[in-house]
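Enquirer: The structure's right below; bear with me while I get my questions together.
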Amino acid sequence: MISRQKSEKLFETAKTLFPGGVNSPVRAFRSVGGTPLFIKRGDGCHIWDEDDNCFVDFCCSWGPLILGHNHPAIRQKVEETLKNGTSFGAPTKLENELGELIVSRNPYIDKIRFVSSGTEAVMSGIRLARGFTGRNKIVKFDGCYHGHADSLLVKAGSGLVTLGTSSSAGVPEAFSNETIVLPLNDCGALEACIAKYPNEIACIIIEPIPANNGLLIQDKGYLQFLREICTKNGILLFFDEVISGFRVAFSGAAELFDVRPDIVSYGKIIGGGLPVGAYGASDEIMSHISPLGNVYQAGTLSGNPVAMTAGVAQLTECLKPNFYKDLSEKTKSFVETIMDHVHVNEYPFSIACVGSIFWFSFGEKIEIRRADEIDPHTMATFGKFYNMLLDEGIYLGPSGYEVGFVSAAHDEKTLKICADKICSVLDRVFNEK
Ligand code: PMP
């Protein structure tokens, strides 16, 4: 067992300061048991905790670190920018640089607005969709996460097309009543919903690659269906690409599936590990945002120069030839090594994978497309697997519902060593009583 003495001590102090000892709930390790590891430093594909345990990191700060930790290009740019100060609350040319880098290559948006988190990006995009269409209701899907804005902390109501109920205390019913939650991959449910609320739905929001509740890879045909039904009914199609944007392709899942959204939100990767989010759309839609239009949205630290420069450095690397192809290929071979072993041994275990995102799932079901197809009883097995992996020096996000990420810093040799370790941990999970 790895020593967690220093992490345990720090967690005791943290509990006196922060609710549950953390500043974001999933960090609390509740679903895998044990004390959260306090991370001291990261370099390449490795992280070290305060007890000096070293891990190969597949969490990558929940996705943003597509180049790995402490990348020299990002560090250098951040250091240079810091010398000039950290924030002005006035425009800087770095915003233009990052904006141009994105907009000039992205066929889905004419204009972008930078904010400071994924939550803020989605929340603002929803307001824009409502302002633009003059409609109040939104449709989201069970199994997609879009940050913690009030109108998105909503779960499905009791009937198929009933209004949502809030999934968090503190969200008034009046807000959750404006959100309809539907199952993924179910065309009939959406058709019934649109028939029930004609001319009331502002947007349909989806993670085009749902990656917050397992990895619920959707068919291209389903995304095309969403596109068509939105166009036909004057509804905006909102792709929340906070995870998939710049991760599966430079222009995200829209590019991968070749389906055009009306509004897109981005986050994570565009800040190179610093707090950034963004939303974008056509000129026509974005002209409704203040100061041009009457949809208000603002931010003191929006377009922060240090975050912008980190984003420019990171995305410049992503634009190098074969960047996404190499990342996908090495992820595929990592996954295949594990799955070959799983097939030989007929373990009830599978890995969903798209680009450099993967998800380990226990249970007999192989292709999981909807949240309700995940068996919650398998999470206890995941917890066991998780803690064994920690002992082997492999760090994943601490929940069986979370996906893993491969970064450019994960070299093939390290991935092969990790795949072999994962195979032997699976042997223990399935064979040790
Ligand atoms: N949308 C999606 C698809 C996300 O994955 C997340 C975060 N995991 C968010 C929105 C919220 O982003 P943030 O945590 O930066 O507020």
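The values are calculated or read from the model by the stated rules, or taken from the named source; none is laboratory data. None of the values given here were measured: they were computed from a predicted structure. Cβ sites come from the backbone with ideal geometry, for glycine too, and all protein chains shown count toward neighbours. The area values use the complete protein model at the heavy-atom level, side chains included, leaving out ligands, DNA and RNA. Shrake-Rupley method; radii C 1.70, N 1.55, O 1.52, S 1.80 Å.
Enquirer: What pairs come up if the first residue lies in region 65-89 and is in the same structural domain as residue 327 (by TED's automatic domain parsing), the second is of a type in the set (Val, Ile, Thr), and their beta carbons are under 6 Å apart, counting only those six or more places apart or on different chains?
Expert: Within 6 Å, the pairs are 66/269.
Enquirer: Consider residue 220 against the criteria (1) modelled with pLDDT of 95 or more; (2) of a type in the set (Lys, Arg); (3) buried (at least 17 other Cβ atoms within 10 Å of the Cβ): it satisfies all of them except one. Which criterion is unmet?
Expert: It fails just one condition, (3).
Enquirer: Here are some residues: 142, 150. Which one is within 16 Å of the ligand (Cβ to nearest atom), surrounded by fewer than 21 Cβ atoms within 10 Å (Cβ to Cβ) and over 26 Å from residue 289 (Cβ atoms)?
Expert: 142
Enquirer: Determine if region 191-202 includes at least one residue that is within 16 Å of the ligand (Cβ to nearest atom), at pLDDT 95 or above and open to solvent by less than 40 Å² (accessible area, probe 1.4 Å).
Expert: The answer is no, given that none of the residues of region 191-202 is within 16 Å of the ligand (Cβ to nearest atom), at pLDDT 95 or above and open to solvent by less than 40 Å² (accessible area, probe 1.4 Å).
Enquirer: Kindly indicate whether residue 174 is surrounded by 19 or more Cβ atoms within 10 Å (Cβ to Cβ) and either more than 14 Å from the ligand (Cβ to nearest atom) or of a type in the set (Gly, Ala, Ser) (or both).
Expert: no
Enquirer: Tell me yes or no: at least one residue of region 100-115 is in the same structural domain as residue 286 (by TED's automatic domain parsing), within 11 Å of the ligand (Cβ to nearest atom) and closer than 15 Å to residue 205 by Cβ.
Expert: no
Enquirer: Let me ask something else. Can you tell me which residues in region 271-297 are within 12 Å of residue 112 (Cα to Cα), within 16 Å of the ligand (Cβ to nearest atom) and out of contact with any Lys or Arg (no Cβ under 7 Å at 6 or more places or on another chain)?
Expert: 277
Enquirer: Could you list all residues from region 227-238 that are within 16 Å of the ligand (Cβ to nearest atom) and either in contact (Cβ under 8 Å) with a residue 40 or more places away in the chain or part of a helix (DSSP H, G or I) (or both)? Quick ask: steps written out before the conclusion?
Expert: First, the residues of region 227-238 that are within 16 Å of the ligand (Cβ to nearest atom): 237-238.
Within region 227-238, 238 is the sole residue that qualifies.
Enquirer: Same structure, new question: So residue 151 clears everything in (1) more than 21 Å from the chain's Cα centre (by Cα); (2) among the small types (Gly, Ala, Ser); (3) within 26 Å of residue 23 (Cα to Cα) except one condition, right? Which one?
Expert: That leaves (1) as the condition not met.
Enquirer: Quick one: would you say residue 65 is within 16 Å of the ligand (Cβ to nearest atom) and not in a helix (DSSP H, G or I)? Before the answer, list the steps.
Expert: Values: within 16 Å of the ligand (Cβ to nearest atom): yes; not in a helix (DSSP H, G or I): yes.
So residue 65 fits the description; yes.
Enquirer: Right, another one. So is residue 252 touching a residue at least 40 places away in the same chain (Cβ under 8 Å) and within 16 Å of the ligand (Cβ to nearest atom) or not?
Expert: So residue 252 passes the test.
Enquirer: State all residues of region 316-369 that are in contact with a strand residue (DSSP E or B) (Cβ under 8 Å, 6 or more places away or on another chain), within 30 Å of residue 100 (Cα to Cα) and either aliphatic (A, V, I, L, M) or open to solvent by 10 Å² or more (accessible area, probe 1.4 Å) (or both); if no residue qualifies, say none.
Expert: Listed by number, the residues that qualify are 324, 355, 357.
Enquirer: Can I ask one more? Name the residue, out of 333, 302, 361, 399, that is small (Gly, Ala, Ser) and part of a strand (DSSP E or B).
Expert: One residue alone meets the criteria, 361.
Enquirer: Here is a further query. Give the number of residues within region 48-62 that are within 16 Å of the ligand (Cβ to nearest atom) and either modelled with pLDDT under 95 or surrounded by 22 or more Cβ atoms within 10 Å (Cβ to Cβ) (or both).
Expert: 2
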